[in-house]
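I have placed the structure first, in the form of C-alpha cells, so that the comments after it can refer back to it.
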Amino acid sequence: MFSSTSSAICISFSRQWNSLSLFSSALQPFSELHVELCVATHKASCRPLCNVYENHADIISCICMVIFLGLIPQATNKTASSFIFVQYNFTSNDTGNAPRTGSARVEHRDPLTLYHHGVLDALNVLFYTMVWIIIHALLQEYIWERTVKRLHLSKVKTSKYYDSGCLVVFYFVSLVWGLDYLVKENLLLNPAQLWVGYPHDQMKLSIKFYMLNQMAFWLHCYPELYFMKAKKEEIYSKLVLYTSSFLIIAGAYILQLQRLALVLLVLHYGVEFLFHASRLLHYHGKTNLSNPGFQAWMGLFVLARFLTVGVSILTLWFGLGSVTFAVPEEERVADVVEGEEEAPAAMKQFVLTEASHRLAALAFILVIQLWVFWTFLRHQLDRSGGEKPKDRDSTSAPKPAKKSTDAKKADKSPKPEVSPKVEKSSKPGKTGKMKEN
C-alpha cells in the first residue's frame, strides 16, 4: 500500500511539473517582450540627451535667433537689446576723460561714446557664450574633424588636437585684437596710461567688447567638456585653466583694470598661440617647423612670466601708489550730454584705493604666475624623467638574448645515443619495407 501511494504522489508531482513547464514556456515570449520593452524605454530616456549632444549647436543657434527676433516687437525690444548690444553707454564732450589721455593725436573735442561697467553686462556675457559655442561647433565640424581623419591619431592625441585647434584660433584673434588696441591707444610707448586716470571706469567700445568676449569664451568651455566627451583624467586640469582664466579677467574688469589686463593677456596669448600652433604642426608631421617653435616657446614662456610680474608690480604698487583717487562726481555728471544712466554705484565701489587692496591683487597675480611656472617646470621634469626608463629598457633588452643562448647551450648538450636501427624503425615508410623483407 505504501508503494501505491508513493507512486501516486510521484505521478501527480510529474503532472504538476509538466504543467508548470508548459506555463513557463508559454510565458517566455512575454518575458522576452518585457526585456525588449525595458531596453526600449531605457533608449528612449537616453534619446533626449543624445539629441542634445549631437544637435547642441543647432539648439543654441535657434535660441540666438529667437533673441534676435525679439528686436522686432516693441514690447521685447529692450529685453533683447540688453542681451545683444553693449550697455551703459553715454556721450562725453571732455576728451580728457577719454581713454586717449596720453595721446598727442587728440586735438578735437568731438563727442565720444564711452561705456561704464554694470550688472547688465552679465547678459551680454551669456549671449556671447552661446555665440562662442556655435563658433566652436562650426570650427570642429568643418575644419578639425575633417583634418584629423587624415592623420590617424590616437584618442589622446585627437583630444589634444581638438583643444589646440580651438585655442589657436581664439589666441590668434585675441592677440591681433589686443595688439591693435595697444597700438592705437599708444599703450606700448606710454605705459604710464596703465595707471594714470585710474579708476578707468570710462571705456571705449572696443576694449569693453574685448573683455566681455574673453569672459564669454572661457565660460563656453565648461559645457564643451560634455560636448567634446572629455576624459575624467583631463577634466581637472581643464577646469583649473578655465576657472583661473575667467576669474582673472572678470576680476580685472570689475576692479577697472582692463588696461593692465589687456597687456597681460597679450603677453600670455602670444606665448600660448606659439605653443598650440607648434603642436598642430607636430601632429601634421612638420617637425622642421614644430621643433623650433617648441624651443622658442620654452624661452618665451619664462620671459612672459617675468614680464607679467614686472608689469603688475609697476602698475599696482608703484603706479597706483602715486595716483590720487578723488572721484569728481560733479564734473563727471556735467560731462554727460545724452545717453543712458550711469553704472550702478555698487560697481564703482570696487576700486583699489588702499594699499592693502592693491597688495592683495598683486599677491593673487604672483600666486597664479608661480603656479603656472611650477606646472611648466613639472612638465619639463616629467619629460626629462620619461626618457630615463626608455634608456633603462634599452639596456635591459639583452635579457631575452641570454635565454636564447641558454637554449642554444641546451641544444648543444650531449643527447643519449640511439642506434640507427631504432631511428630507422621510427620512420613509418621504412618499417613497412623491413617487414616485407
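For Asn97, only one of the following conditions fails: (1) open to solvent by 40 Å² or more (accessible area, probe 1.4 Å); (2) closer than 16 Å to Met203 by Cα; (3) modelled with pLDDT of 90 or more. What is its number?
Here Asn97 clears every test but (3).
Please go through (1) more than 18 Å from Ile249 (Cα to Cα); (2) part of a loop (DSSP other than H, G, I, E, B); (3) among the hydrophobic types (A, V, I, L, M, F, W, C) for Val168 and return the number of the only condition it doesn't satisfy.
Exception for Val168: condition (2).
Please indicate, with yes or no, whether at least one residue in the range 369-379 is modelled with pLDDT of 50 or more and assigned to a loop (DSSP other than H, G, I, E, B).
No, because not a single residue in the range 369-379 is modelled with pLDDT of 50 or more and assigned to a loop (DSSP other than H, G, I, E, B).
Here are some conditions: (1) farther than 21 Å from Gly310 by Cα; (2) in contact (Cβ under 8 Å) with a residue 24 or more places away in the chain; (3) in contact with a Gly (Cβ under 6 Å, 6 or more places away or on another chain). Ser278 meets all but one. Which one does it not meet?
Tallying (1) farther than 21 Å from Gly310 by Cα; (2) in contact (Cβ under 8 Å) with a residue 24 or more places away in the chain; (3) in contact with a Gly (Cβ under 6 Å, 6 or more places away or on another chain), Ser278 fails exactly one: (2).
Does Leu280 satisfy being within 25 Å of Ser154 (Cα to Cα) and open to solvent by less than 30 Å² (accessible area, probe 1.4 Å)? First the steps, then the outcome.
On the way: within 25 Å of Ser154 (Cα to Cα): yes; open to solvent by less than 30 Å² (accessible area, probe 1.4 Å): yes.
Yes: the conditions hold for Leu280.
Here is a check on your reading of the model: is His220 part of a loop (DSSP other than H, G, I, E, B) and crowded, with 18+ Cβ neighbours inside 10 Å?
No: the conditions fail for His220.
Test Ser81 against the stated conditions and say whether it is modelled with pLDDT of 90 or more and either not basic (Lys, Arg) or not in a helix (DSSP H, G or I) (or both).
Details: modelled with pLDDT of 90 or more: yes; either not basic (Lys, Arg) or not in a helix (DSSP H, G or I) (or both): yes.
Yes; evaluated as a whole, the condition is true for this residue.
Residues of the range 147-172 being open to solvent by 70 Å² or more (accessible area, probe 1.4 Å) and more than 19 Å from Glu224 (Cα to Cα), which ones?
The answer is Lys149, Arg150, His152, Phe172.
I need the full set of residues from the range 199-236 which are without any contact (Cβ under 8 Å) to a residue 12 or more places away in the chain and touching a helix residue (DSSP H, G or I) at 6+ places or on another chain (Cβ under 9 Å), in order please.
Within the range 199-236, Lys229, Ile235 qualify.
Do the conditions hold for Tyr128, that is, is it in a helix (DSSP H, G or I) and open to solvent by less than 40 Å² (accessible area, probe 1.4 Å)?
Yes: the conditions hold for Tyr128.
Test Tyr269 against the criterion of being farther than 23 Å from Leu114 by Cβ, crowded, with 20+ Cβ neighbours inside 10 Å, more than 12 Å from the chain's Cα centre (by Cα) and not hydrophobic (A, V, I, L, M, F, W, C), and give yes or no.
So Tyr269 fits the description; yes.
The values are calculated or read from the model by the stated rules, or taken from the named source; none is laboratory data. Quick caveat: nothing in here was measured; it's all calculated off a predicted structure. Please note: Cβ atoms are built from the backbone with ideal geometry, for glycine as well, and neighbour counts cover all protein chains shown. With ligands, DNA and RNA removed, areas are computed over all heavy atoms of the protein, side chains included. Shrake-Rupley method; radii C 1.70, N 1.55, O 1.52, S 1.80 Å.
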